[in-house]
Amino acid sequence: MLQYTIRRLLAILVTLLVIATLTFVLMHCIPGGPFASEKELPPPILQNINARYHLDWPLWKQYFDYLAHLARWDLGPSFKYESMTVNDIINNGFPVSATLGGIALGIAVIFGITAGIIASMNQYKWQDNLVMFLATIGFSVPSFILASLFIFVFSYKLGWLPAALWGSPQQVIMPALALSALPTAFIARMVRSTMLEVLAQDYIRTAWAKGLSGGLVVYRHALKNALLPVFSYLGPLTAQILTGSFVVERIFAIPGMGRHFVTSIANRDYTTIMGVTIFYSIILLLANFLVDIAYAYLDPRIKVAGGKE
Amino acid sequence: MGKKSLTLLIGILLAAALTLAGCGGGGGSEEKQQGVPGTGGMAAEQVLTYNNGTEPETLDPAKMTGIPEGTVAYALFDGLTRMTAKGLEPAIAKSWDVSEDGLTYTFHLRDAKWSNGDPVTAHDFEFAWKRALDPDTLSEYAYQLYYIKNGQAFNEGKITDPNQVGVKALDEKTLEVTLEAPAPYFLSLTSFYTLFPLHRATVEAHPDDWANSPETLVCNGPFVLDKWEHQAKIELVKNKNYWDADSVKLDKVVLTMVEEESTYLTMWENGELDSIEQPPINDIPRLKQEGKLQIKPYLGVYYYIFNTKKEPFDDVRVRKALALAIDRQAIVEKITKRGEKPALAYVPYGIPDAEPGSDFREIGGDYFKDNDIETAKQLLADAGYPGGKGLPPITILYNTREDHKIIAEAVQEMWKKNLGIENVTLTNQEWQVYLDSRDEGNFHVARAGWIGDYFDPMTFLDMYVSTNLQNDGKWSNAEYDQLIAAAKSTGDQKARMEAMHKAEKILMDEMAIMPIYFYSHAVCEHEYVKDTYWNPLGPPDFKYAWIAKH
Amino acid sequence: MHKEEQKKPLLEVRGLKTSFFTYAGEVKAVDDVDFEVWPGEAVGIVGESGCGKSVTSLSIMRLIPKTGRITAGSILFNGVDLLKLSSREMQRIRGKEIAMIFQDPMTSLNPVLTIGYQLTESIRRHQRVSKREAREKAVEMLNLVGIPNPADRLSQYPHEFSGGMRQRVMIAMALSCNPKLLIADEPTTALDVTIQAQIIELLKDLRSRFSMSIILITHDLGVVAGLADRVVVMYGGKIVESGNIKDIYYRAKHPYTWGLLKSVPRLDAREKKRLVPITGQPPDLLEPPGGCAFNPRCRYAMRICLDRRPGFTDLGNGHKAACWLLHPEAPKRVLPVNEEEQPGHQGVG
């Protein structure tokens, strides 16, 4: 297990290097720069600015300089926001996004799995139809429509909740619900499908034949098998949801990380682009790694390569 | 087990919520808005919440360039002068003398304090201006100080001794400024944030981050920085050490950073925000009807640039024909809907002319008729393209945004209908790509917009001098250049204004650019919010604002 | 061998009908089946795939999948009609009174739970014992079925056992609560021949040790011969012949039974003897042929076989068969008379 972990971590580092390089190259390929504006800067000032941020160095030099800083986790200053470094941006934004994301994830997992089980246990009956109907809605209605709908209903019409901003428990409810709609729907459908598959298996028939009650059959025998595929979805889902959704955070004016993935590109804020991309990659790679390890514990048929049984 | 009940419960809750939403009127917002606005009765809580739109890039006045930043700057700092509803008022400078030749200004400062108790001195101004001009400071708006002797040279590194720059503190309370050339609008420039003073000791102690936190941000304006929650909000509280603290009624200003239009409109209608600017276009007719909208002046113009180096735009008749065939009234009424005025000239309303109380635009008048289809048709025929035939394909370039698209579509349609020009296409590009295209002359007709930096026609007319890098269309007229140079070299307002009117006439006669409308500022302010000054350069000023009983 | 008549049979199946309801219509998988199982006896149910034997056993356990339903009949177990019990009461029967083992040992055990857990689970479900006692019992059972090192193997997972071992574990699981009736649905079909023999021997041994009844479902007559006291032959969802093992093997009276017996390869066959299959296809249970279900494939079919379903003819000693050939007015058949053609000369007993 230790060997495997070390090998995986090394692989992660290599992957990160590739990602950093690709991002660096791509971002310098698009026209424009961080200091472009309609009111053009007088050339000497532009020169000075570029010099200060080393944007006048040859690209390869900028690249290695960046890597050297990256190794110390110094992501550099933001070109757009003078008062923050990229580390600041991530340190400020990630906890907020992660909190919102974590809550949405919790909702998705709890409701999604529950709904999926209910649907699979009542195949073709009204419970199944209701769950599938709601899942289709959650799947197809884009989060910004849900978000706007929630604000309209719960804030504007009913006045129950504040429309936006962040800080109080009431301000978490609508964004968390809007954010959780798609993953909940996805998990519900997935669980329903895997449960149906599992419930048709021979070993479930054996369990019934042993005289076990329905609860034991479903929760002890079926669920563990059915949840394995869901687990592998959780890896990328976690990474995506924890680093913030651009749309939901924008509509609810939540000071998270999500917006930076999009705005940094429009701003050509090179350091921020690199910083958030690498950060996201780290989270994603780690999440996948943890899922793989967890799998080895959950599914006895899987042996971690080279590990002991 | 609760499985069935759970599903049932969810279903009921959903149904209930939707039903409740369907019936019932406009929710809680109406109640909150009622309440007779007291005649001068001040509310117990003097807190104003305004949506500033986005996270400011910086709070260092020397480095900022945008309107959200400006809003905070006007609240935190006081310059030599301040622009208010009554016009330009003395601020830190209580009086000033101008030399005969208009080159030397002597400002006499009043007794004023920084937020930490230290006195505001002329040295603070000298330090701040030289710092803004210092190439190492990387101030993007340093060019605002180029009017000062050697300002540009110092900023461009041609001279390295800051003492050669024409600003000097003669003593604690006297600031002497020497200009390169007479510039009557220099006085109003002193109200602009790039020219604000800075607390020298603090800035020298924390050169890179003094403006990043309340602990180090020492200021001299109506408010001080209390909290800066990045991407969430900025909270300002009244500055007890402000020299004019008696005029400041508000105890606290909260600036939120909500970017999504529909969200901040909902928050305003809910009463969560006291005032907002630029509500979503589609809501404007309704807001107007409900009496919730106010239109404030905004010093800006929306126009299309012609690439005069490309056929057929090198022919003035073609340019004029295209410009005259547009129905601007229809555009502002049906598309933009924010109460804009059609632009039949280039320099917007709101700039004073030579006589006090006069307006440059009003005196200049219109240079052509709106929707003058007959003249347009004739001009096009004269140019050799009768009925629009024979024209090479025309592309209109704009940066990707819904409103630019709709306007471009309208123009395209108008050219087709009114002039018979079939071959017009639209191209949209991402902002920076679009800027590059304009810079490199990769366009036929490009959308542009310009907001003034100060209250003088020069901030607009300056751009179309042959040598100006911003002149993307590369139009060049020797007489225009001369007139502009003349206006820059004298202090005689009458002579200047005359020269600039003449210059504008040439610009319009040659239709180097095609003006479409003058910007306006649509704001929604609750009735109980009083005396906010909406500066036509963009940022609102809260120095004199207060909240009435409601 | 069956014991002397007890007062009542352990299991009485009367008029059982089980159908599956599909888009295409009603598939009558079990169409009016009657039989009994006495305490301590082993009954073999034989027939080809699709004849209804598995569905019959699943009906007894009430484990028919949701697409199907028991439409008629009664299943009396110790006098109690299982079809009238609530699901909770039925859960108490399953595993404890009646146990079942299935065909494919590779998929019949839960891959993510240990063998030990799966064993102790049913023990603790049906008996009030502590964890430790349940584990001891589990070890005992594994020993009984011939698994070496049982204590160590409790913490292992199914994928760590071979096919034959897994079947043994299944048997251990089934017998752990001492059921009165064990239903074995094709327990050896998925195993090699040598393992098959071992499993059958094991079942024989356990049967006498625990004095339990066994219903053995299979299509393999060789397997039946090794274990059963009585045989029930099914075809097309119905019973066509039943009797004790000697009667069936030596004195079969139904053409289908003849066909089955003749198609078994014989170790002592003369070299050039061909195998004799039963020609034709199994019946379509959606639209079964009129009359006797076997008539399309029967060499001896008469006019009446196409029209009417034959009733049972009692042949004495509990032997009965449903065939028009046995009707007194039926023409005498050219029966396979030669020794060679005499089916079933296999040394039964």
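Residue-wise, which Karplus ³J(HN,Hα) couplings in Hz belong to region B:471-479, taking 6.51 cos²θ - 1.76 cosθ + 1.60, θ = phi - 60°, and x for glycine or proline?
Values, residue by residue: 6, 5, x, 6, 6, 9, 9, 4, 5 Hz.
Pop the C-beta distance of A:LEU26 and B:THR425 into the FRET formula with R0 = 35 Å and round what comes out to the nearest 0.05.
After rounding, the FRET efficiency stands at 0.75.
What residues qualify as long-range amide H neighbours of B:ALA343, i.e. H under 5 Å apart, gap of 5 or more or another chain, H built at 1.01 Å from N?
Correct list: B:ILE516, B:TYR517, B:PHE518.
Modelled label-to-label distance, C:VAL80 and C:TYR23, 7 Å Cα→beta-carbon offset: nm?
Computed distance between label sites C:VAL80 and C:TYR23 equals 4.1 nm.
List every residue whose amide H lies under 5 Å from the amide H of B:ASP226, counting only residues 5 or more places away in sequence or on a different chain, with H placed 1.01 Å from N in the peptide plane.
B:GLU235, B:LEU236, B:VAL237
With every protein chain present, what accessible area does B:LYS130 have (1.4 Å probe, heavy atoms only), rounded to the nearest 10 Å²?
That residue has around 30 Å² of solvent-accessible surface.
For chain C, what's the relative contact order in percent, using C-alpha pairs closer than 8 Å and at least 6 residues apart?
Values: 626 pairs, mean separation 66.6, N = 349.
Value for chain C: 19 percent.
Could you point to the residue in A:THR85, A:PHE144, A:ILE107 farthest towards the positive end of region A:26-176's charge dipole, with +1 and -1 charges on the Cβ of Lys/Arg and Asp/Glu respectively?
The residue sitting most towards the positive pole is A:ILE107.
Which loop-located chymotrypsin sites (Phe, Trp or Tyr not before Pro) does region A:62-144 contain, where loop means any DSSP state but H, G, I, E or B and the Cβ has at most 16 other Cβ atoms within 10 Å?
Values: sites: A:TYR63, A:PHE64, A:TYR66, A:TRP73, A:PHE79, A:TYR81, A:PHE111, A:TYR124, A:TRP126, A:PHE133, A:PHE139, A:PHE144; in loops: A:TRP73, A:PHE79, A:TYR81, A:TYR124.
Passing sites in region A:62-144 are A:TRP73, A:TYR124.
By how many nm would the segment from C:ASP205 to C:LYS246 lengthen if fully extended, with 0.36 nm per residue of separation less the alpha-carbon distance?
On the way: separation 41, 0.36 × 41 = 14.76 nm, distance 2.11 nm.
Difference between extended and current length: 12.6 nm.
Looking only at region C:63-94, which residues have a backbone nitrogen under 14 Å from a spot 7 Å from the Cα of C:ASP32 in the C-beta direction?
The answer is C:72-73, whose backbone nitrogens lie closer than 14 Å to the label point.
Only sites in a loop by DSSP and with at most 15 other Cβ atoms within 10 Å count here; which GluC sites (Glu not before Pro) in region B:345-453 make the cut? Spell out each step's value before the answer.
Numbers: sites: B:GLU362, B:GLU374, B:GLU402, B:GLU409, B:GLU413, B:GLU422, B:GLU430, B:GLU440; in loops: B:GLU422, B:GLU430, B:GLU440.
Qualifying residues, ordered by number: B:GLU422, B:GLU430, B:GLU440.
Between C:LYS66 and B:ASN282, what's the calculated FRET efficiency when r is the beta-carbon distance and R0 is 60 Å? Round to 0.05.
Details: r = 53 Å, r/R0 = 0.88.
Result of the calculation: an efficiency of 0.70.
Local charge sum around B:GLU311 (other residues, Cβ-Cβ under 14 Å, Lys/Arg +1, Asp/Glu -1)?
Values: positive: B:LYS309, B:LYS310, B:ARG317, B:ARG319, B:LYS474; negative: B:ASP314, B:ASP315.
Once positives and negatives cancel, what remains is +3.
Grab the Cα-Cα distance for C:VAL129 and C:LEU275, subtract it from 0.36 nm times how many residues apart they are, and report the gain in nm with one decimal.
Values: separation 146, 0.36 × 146 = 52.56 nm, distance 5.43 nm.
Full extension of this stretch gives 47.1 nm more.
Through the Karplus equation 6.51 cos²θ - 1.76 cosθ + 1.60, θ set to phi - 60°, convert the phi angles of region B:219-225 into ³J(HN,Hα) values in whole Hz; use x for Gly and Pro.
9, 10, x, x, 10, 10, 7
Which sequence of B:TRP129, B:TRP546 reflects their accessible areas, 1.4 Å probe, from the largest down? List each step's numbers first, then the result.
On the way: B:TRP129 0, B:TRP546 40 Å².
Ranking B:TRP129, B:TRP546 by accessible area, largest first, yields B:TRP546, B:TRP129.
Using every pair of alpha-carbon atoms in region B:451-514, split the distances into 10 Å bins beginning at 0 and state the percent of pairs per bin, rounded to integers.
Percent of Cα pairs in each bin: 22, 58, 19, 0.
Please state the charge dipole magnitude for the protein assembly as shown, taken about the Cα centre, from unit charges on C-beta atoms (+1 on K and R, -1 on D and E), reported in debye and rounded to the nearest 20.
On the way: 124 positive and 137 negative charges, 1755 e Å.
The dipole magnitude comes to about 8420 debye.
If a paramagnetic tag sat 7 Å from the Cα of B:LYS94 along the Cα-Cβ line, which residues of region B:231-248 would have the backbone N under 17 Å from that point?
From region B:231-248, the list is B:242-247.
Taking Cα centroids, how far is region B:462-484 from region B:499-537 in Å?
About 21 Å separates the Cα centre of region B:462-484 from the one of region B:499-537.
Can you list which of the GluC sites (Glu not before Pro) found in region C:180-280 are DSSP loop residues with at most 15 other C-beta atoms within 10 Å? Before the final figure, lay out the partial values.
Details: sites: C:GLU201, C:GLU241, C:GLU271; in loops: C:GLU271.
Sites meeting the loop and neighbour criteria: C:GLU271.
What 222 nm value per residue comes from the helices of chain A, counting each DSSP H run with n ≥ 4 as -39,500 (n - 2.57) and dividing by all residues, nearest 500 deg cm²/dmol?
On the way: 12 runs with 212 residues, N = 309.
Calculated mean residue ellipticity at 222 nm is -23000 deg cm²/dmol.
Give me the dipole magnitude in Debye, nearest 20, for region C:1-75 about the Cα centre, with unit charges on the beta carbon: positive for Lys and Arg, negative for Asp and Glu.
Details: 10 positive and 10 negative charges, 74 e Å.
Charge dipole of region C:1-75: 360 debye, to the nearest 20.
How far is the Cα center of region A:16-91 from the Cα center of region B:250-324, in Å?
For region A:16-91 versus region B:250-324, the Cα centre distance is 32 Å.
Put +1 on the Cβ of each Lys and Arg and -1 on the Cβ of each Asp and Glu in region B:160-258; which of B:PRO184, B:TRP210, B:LEU236 then has its Cα farthest toward the positive end of the dipole?
Working it through, the farthest residue towards the positive pole turns out to be B:LEU236.
Tally Lys and Arg at +1 and Asp and Glu at -1 over the other residues with C-beta under 10 Å from the C-beta of C:THR189: what net charge comes out?
Details: positive: none; negative: C:ASP104, C:ASP185, C:GLU186, C:ASP220.
Surrounding charge for C:THR189 is -4.
Considering the options C:VAL27, B:ASN52, B:ALA75, tell which one lies farthest towards the positive end of the dipole of the protein assembly as shown, charges being +1 on Lys and Arg and -1 on Asp and Glu at the Cβ, about the Cα centre.
C:VAL27
What would the Debye formula give as log10 I(q)/I(0) at q = 0.21 Å⁻¹ for the alpha-carbon point model of region C:88-147, no solvent?
Taken in order of the listed q values, log10 I(q)/I(0) reads -1.00.
Can you send over the solvent-accessible area of A:CYS29, 1.4 Å probe, protein chains only, in Å² to the nearest 10?
Approximately 90 Å² for this residue.
With charges only on Cβ, +1 for K and R and -1 for D and E, what is the dipole size of region A:89-261 about its Cα centre, in debye, rounded to 20? Walk me through the numbers on the way to the answer.
Working: 10 positive and 4 negative charges, 39 e Å.
Roughly 180 debye for region A:89-261.
Once you keep just the Cα pairs under 8 angstrom separated by 6 or more residues, what percentage relative contact order results for chain A? Don't skip to the answer; put the middle values down first.
On the way: 356 pairs, mean separation 87.9, N = 309.
Relative contact order, chain A: 28 percent.
Given H placed on each backbone N at 1.01 Å, which residues far from C:ASP229 in sequence or on other chains put an amide H within less than 5 Å of it?
Distant-sequence amide H within range of C:ASP229: C:ALA42, C:VAL43, C:GLY44.
Express in Å², to the nearest 10, the accessible area of A:SER168 obtained by rolling a 1.4 Å probe over the protein heavy atoms while all chains stay in place.
Counting only protein heavy atoms, A:SER168 exposes about 40 Å² to solvent.
First measure r as the distance between the Cβ atoms of B:LYS309 and B:LYS369, then evaluate 1/(1 + (r/R0)^6) with R0 = 35 Å and state the FRET efficiency to the nearest 0.05. Working shown, then result.
Details: r = 28 Å, r/R0 = 0.80.
Efficiency computed from Cβ-Cβ geometry: 0.80.
For the pair A:SER193 and B:GLU479, how long in nm is the line joining their label points, each one 7 Å along Cα→Cβ?
Calculated label separation equals 7.5 nm.
On average, how much area does the Cα convex hull of the protein assembly as shown cover when viewed from any direction, in nm²? Intermediate values should be presented prior to the final figure.
Details: hull surface 263.9 nm².
Result: 66.0 nm².
Leaving ligands, DNA and RNA out of it, rank B:ASP372, A:ASP65 by accessible area with a 1.4 Å probe, largest first.
My answer, sorted largest first, is A:ASP65, B:ASP372.
Rounded to the nearest 500 deg cm²/dmol, what is the calculated helix-only ellipticity per residue at 222 nm for chain B, with -39500 (n - 2.57) per DSSP H run of length n ≥ 4? Spell out each step's value before the answer.
Values: 17 runs with 163 residues, N = 550.
Only helices count here, giving -8500 deg cm²/dmol.
B:ALA381 versus B:GLU440, label points 7 Å from Cα toward the beta carbon: distance in nm?
Once both label points are built, they end up 4.1 nm from each other.
If all Cα-Cα distances of chain A are sorted into 10 Å bins from 0 onward, what percent lands in each bin, rounded to whole numbers?
The percentages, shortest bin first, are 6, 21, 25, 23, 16, 7, 2, 1, 0.
Given 4 °C and 1.567 mPa s, how large is the Stokes-Einstein diffusion coefficient of region A:89-261 in µm²/s, with Rh as the Kirkwood radius over Cα pairs?
Numbers: Rh = 17.3 Å.
Translational diffusion coefficient: 75 µm²/s.
The values are calculated or read from the model by the stated rules, or taken from the named source; none is laboratory data. Please read all numbers here as calculations on a predicted model, not as lab measurements. So basically every Cβ, Gly included, is an ideal-geometry build from the backbone, and we count neighbours across all protein chains shown. Only protein heavy atoms, including side chains, enter the accessible area calculation; ligands, DNA and RNA are left aside. Shrake-Rupley method; radii C 1.70, N 1.55, O 1.52, S 1.80 Å.
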